[in-house]
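Here is the structure we will look at.
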Amino acid sequence: MADLYDFPDIYDERVSDKANEVYKSHYRKMFEGKDIQSVLDCSIGTGCLTFCLSELGYHVSGSDLSASMLEKAREKAALKGLSVQLTQCDFRELSQYFAQTFDCVMSTGNAFAHVSHSDIEVTLREMDRLVRPGGYLYLDSRNWEGIDPLYIGETGVQGICGQTASVVPR
């Protein structure tokens, strides 16, 4: 049986130039005044939520469990001329694949919704191992199924910049 992640193109259906600009604005706001240059998104998927950080000048690395999602991400990065290190791995085992630390380790999209409570704890520990001292964890959780497709089609954005969002030092 095919897995939803075997069809990475559907993840980019919600992406538009306007949405990309909103993501950039969101990250500018979240990272303002913070010493962040290197970022690891451990649930990067096709890169639609993270590549804008590379466009803003951050050094972006990404990992994902899905080979097909990473292949799509590689294609998109090449088309945009972005240099992004991409690694296939389970975010519950990050420290087995990355030796370096990052200024910010993030999980975007709704990856945490797909693992058990105990696996969330394991993942957070793995993410924390890769954050440099004084660095940041960034957690993002979205209910894509609950977002109105008509609103997205009209504006290109919804539920992107929460009022309570913040990036705090670990």
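The values are calculated or read from the model by the stated rules, or taken from the named source; none is laboratory data. It should be emphasised that the depicted structure is a prediction, and the values quoted were computed from it without experimental measurement. Quick reminder, even Gly has a Cβ in these numbers, built from the backbone with ideal geometry, and neighbours come from all protein chains shown. Note: areas computed on protein heavy atoms with side chains; ligands, DNA, RNA excluded. Shrake-Rupley method; radii C 1.70, N 1.55, O 1.52, S 1.80 Å.
Sub-7 Å Cβ pairs linking a first residue in region 99-126 that is farther than 17 Å from residue 37 by Cα to a second residue that is in a strand (DSSP E or B), at least 6 apart or interchain, are 108/41, ordered by first then second residue.
Restricting attention to region 77-111, the residues that are under 14 Å from residue 44 (Cβ atoms) and crowded, with 18+ Cβ neighbours inside 10 Å total 14.
Which of the residues spanning region 50-67 are under 16 Å from residue 79 (Cα atoms) and in a loop (DSSP other than H, G, I, E, B)? 50 - this is the single residue of region 50-67 that is under 16 Å from residue 79 (Cα atoms) and in a loop (DSSP other than H, G, I, E, B). Only residues that are within 17 Å of the chain's Cα centre (by Cα), not in a loop (DSSP other than H, G, I, E, B) and not hydrophobic (A, V, I, L, M, F, W, C): list them for region 81-106, please. Result: 85, 87, 88, 92, 93, 103. Only a single criterion out of (1) open to solvent by 60 Å² or more (accessible area, probe 1.4 Å); (2) part of a loop (DSSP other than H, G, I, E, B) is not satisfied by residue 46, namely (1).
Of all the numbered requirements in (1) of a type in the set (Asp, Glu); (2) crowded, with 20+ Cβ neighbours inside 10 Å; (3) touching a Leu at 6+ places or on another chain (Cβ under 7 Å), residue 41 misses one, and that requirement is (3).
Looking only at region 28-43, count every residue that is part of a loop (DSSP other than H, G, I, E, B) and either in contact (Cβ under 8 Å) with a residue 60 or more places away in the chain or within 16 Å of residue 107 (Cβ to Cβ) (or both) and tell me the total. Walk me through it before giving the result.
Taking region 28-43 and keeping what is part of a loop (DSSP other than H, G, I, E, B), we get 32-37, 42-43.
The next check asks that each one be either in contact (Cβ under 8 Å) with a residue 60 or more places away in the chain or within 16 Å of residue 107 (Cβ to Cβ) (or both); those that pass are 34-37, 42-43.
Matching residues across region 28-43 total 6.
When each of 55, 121 is tested for being modelled with pLDDT under 95, acidic (Asp, Glu), under 19 Å from residue 140 (Cα atoms) and out of contact with any Pro (no Cβ under 7 Å at 6 or more places or on another chain), the lone residue that passes is 121. Checking each residue in region 14-33 for being closer than 19 Å to residue 135 by Cβ and open to solvent by 60 Å² or more (accessible area, probe 1.4 Å) picks out 28, 29, 32, 33.
Would you mind stating whether residue 67 is open to solvent by less than 60 Å² (accessible area, probe 1.4 Å) and in contact with a Gly (Cβ under 6 Å, 6 or more places away or on another chain)? Don't jump to the end; show me each part of the working.
Numbers: open to solvent by less than 60 Å² (accessible area, probe 1.4 Å): yes; in contact with a Gly (Cβ under 6 Å, 6 or more places away or on another chain): no.
Taking the combined requirement at face value, the residue does not satisfy it.
Only one of the numbered conditions (1) modelled with pLDDT of 80 or more; (2) open to solvent by 80 Å² or more (accessible area, probe 1.4 Å); (3) touching a Lys or Arg at 6+ places or on another chain (Cβ under 9 Å) is not met by residue 139, and that is (3).
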